[in-house]
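The values are calculated or read from the model by the stated rules, or taken from the named source; none is laboratory data. Note that the structure is predicted; figures quoted are calculated from it, not measured. Positions of Cβ are generated from backbone atoms using ideal geometry, with glycine treated the same way; all protein chains shown enter the neighbour counts. Just the protein is used for accessible areas: all its heavy atoms, side chains included, with ligands, DNA and RNA removed. Shrake-Rupley method; radii C 1.70, N 1.55, O 1.52, S 1.80 Å.
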Amino acid sequence: MLRIAITGGIGSGKTAVTNYLEYLGFTVVDADVISREMTGPGGCAIERIAEVFGPDIASIEKGLSREYIRTLIFSNNEMKQKFEDIVTKSVIKTINRILKGYELSGKSAVFVAAPLLFEYDMQDDFDAVWLVVADEAKRIARVAERDGLDAEMITRIIDSQLSDEEKSLLASDIIENNSTVDHLKDAVNVLLDKYKLGT
């Protein structure tokens, strides 16, 4: 089974790529979706998060207070590391379990959207890594429109992640997302042909 990771910094356009792949009929496992389930009401990571960060941050009934945790972890590297160690490690285990299931079912290819792929040194678990990149100004504008965050917070999040230059050295392929959706789709189609996955 061909395993292809899709990664990129916040606002780069990973979701636009995975949405297109799903539209084409490909299977996509999304680390962010799994993470949201784990940190939502009744999620399996909530109890541990509440233990480490306190009941103001998370509760079984309400799930994670995203605004509170975002402010906390992106202003404190130690807290950020603690949070990611709880959530990201659980997400990685879940992804591996899902991939094993797909492999046993005879699936020929699966895409995995994983924002912190390089930060957690997961790239060697995949046959290829597609990195989605975009200019910082475009990324800030996209995230501000999507999440309602201010530019300072978005910049803080971007600065906490590996740079596109560092990621580019580790990726198999790079998808530039500074233009139109059609241009992005064309770039994905080129890679699908490269990996003999053309539909």
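So how many residues does segment 167-185 have that are of a type in the set (A, V, I, L, M) and surrounded by 16 or more Cβ atoms within 10 Å (Cβ to Cβ)?
Restricting attention to segment 167-185, the residues satisfying the condition of being of a type in the set (A, V, I, L, M) are 169-171, 174-175, 181, 184.
Add one more test, that the residue is surrounded by 16 or more Cβ atoms within 10 Å (Cβ to Cβ), and what stays is 171, 174-175, 184.
Residues meeting the conditions: 4.
Can you confirm whether residue 111 is closer than 21 Å to residue 175 by Cβ, of a type in the set (Phe, Trp, Tyr) and open to solvent by less than 60 Å² (accessible area, probe 1.4 Å)?
On the way: closer than 21 Å to residue 175 by Cβ: yes; of a type in the set (Phe, Trp, Tyr): yes; open to solvent by less than 60 Å² (accessible area, probe 1.4 Å): yes.
Yes: the conditions hold for residue 111.
It is to be established whether one or more residues within segment 186-193 are part of a loop (DSSP other than H, G, I, E, B), surrounded by fewer than 16 Cβ atoms within 10 Å (Cβ to Cβ) and either of a type outside the set (A, V, I, L, M) or under 19 Å from the mean Cα position of the chain (by Cα) (or both).
Looking only at segment 186-193, we keep the residues that are part of a loop (DSSP other than H, G, I, E, B), and these are none.
Checked segment 186-193: no residue is part of a loop (DSSP other than H, G, I, E, B), surrounded by fewer than 16 Cβ atoms within 10 Å (Cβ to Cβ) and either of a type outside the set (A, V, I, L, M) or under 19 Å from the mean Cα position of the chain (by Cα) (or both).
Matching residues to (1) over 18 Å from the mean Cα position of the chain (by Cα); (2) of a type in the set (Val, Ile, Thr):
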residue: 109; (1), (2): yes, no
residue: 122; (1), (2): no, no
residue: 128; (1), (2): no, no
residue: 141; (1), (2): yes, no
residue: 148; (1), (2): yes, no
residue: 157; (1), (2): no, yes
residue: 179; (1), (2): yes, no
residue: 198; (1), (2): yes, no
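Table: residues versus (1) exposed (fewer than 14 other Cβ atoms within 10 Å of the Cβ); (2) assigned to a strand (DSSP E or B).
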position: 103; (1), (2): yes, no
position: 106; (1), (2): yes, no
position: 115; (1), (2): no, no
position: 121; (1), (2): yes, no
position: 129; (1), (2): no, yes
position: 138; (1), (2): no, no
position: 146; (1), (2): yes, no
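Which count do you get for residues in segment 135-180 that are touching a strand residue (DSSP E or B) at 6+ places or on another chain (Cβ under 7 Å) and of a type in the set (Gly, Ala, Ser)?
3
Specify which of the listed residues (73, 10, 6, 95) is out of contact with any Lys or Arg (no Cβ under 9 Å at 6 or more places or on another chain) and under 25 Å from residue 157 (Cβ atoms). Reasoning before the result, please.
Numbers: 73 fails: out of contact with any Lys or Arg (no Cβ under 9 Å at 6 or more places or on another chain); 10 fails: out of contact with any Lys or Arg (no Cβ under 9 Å at 6 or more places or on another chain); 6 fails: out of contact with any Lys or Arg (no Cβ under 9 Å at 6 or more places or on another chain).
Result of the check over 73, 10, 6, 95: 95.
Would you call residue 73 in contact (Cβ under 8 Å) with a residue 12 or more places away in the chain and of a type in the set (Val, Ile, Thr)?
Working: in contact (Cβ under 8 Å) with a residue 12 or more places away in the chain: no; of a type in the set (Val, Ile, Thr): yes.
Considered against the rule, which asks whether it is in contact (Cβ under 8 Å) with a residue 12 or more places away in the chain and of a type in the set (Val, Ile, Thr), residue 73 comes out as no.
Can you tell me how many residues within segment 22-59 are in a helix (DSSP H, G or I), open to solvent by less than 40 Å² (accessible area, probe 1.4 Å) and farther than 18 Å from residue 95 by Cα?
Going residue by residue through segment 22-59, those that are in a helix (DSSP H, G or I) are 22-23, 31-39, 46-53.
If we keep only those that are open to solvent by less than 40 Å² (accessible area, probe 1.4 Å) too, we end up with 31, 34-35, 38-39, 46, 49-50, 53.
Subset that is farther than 18 Å from residue 95 by Cα: 46, 49-50, 53.
Qualifying residue count, segment 22-59: 4.
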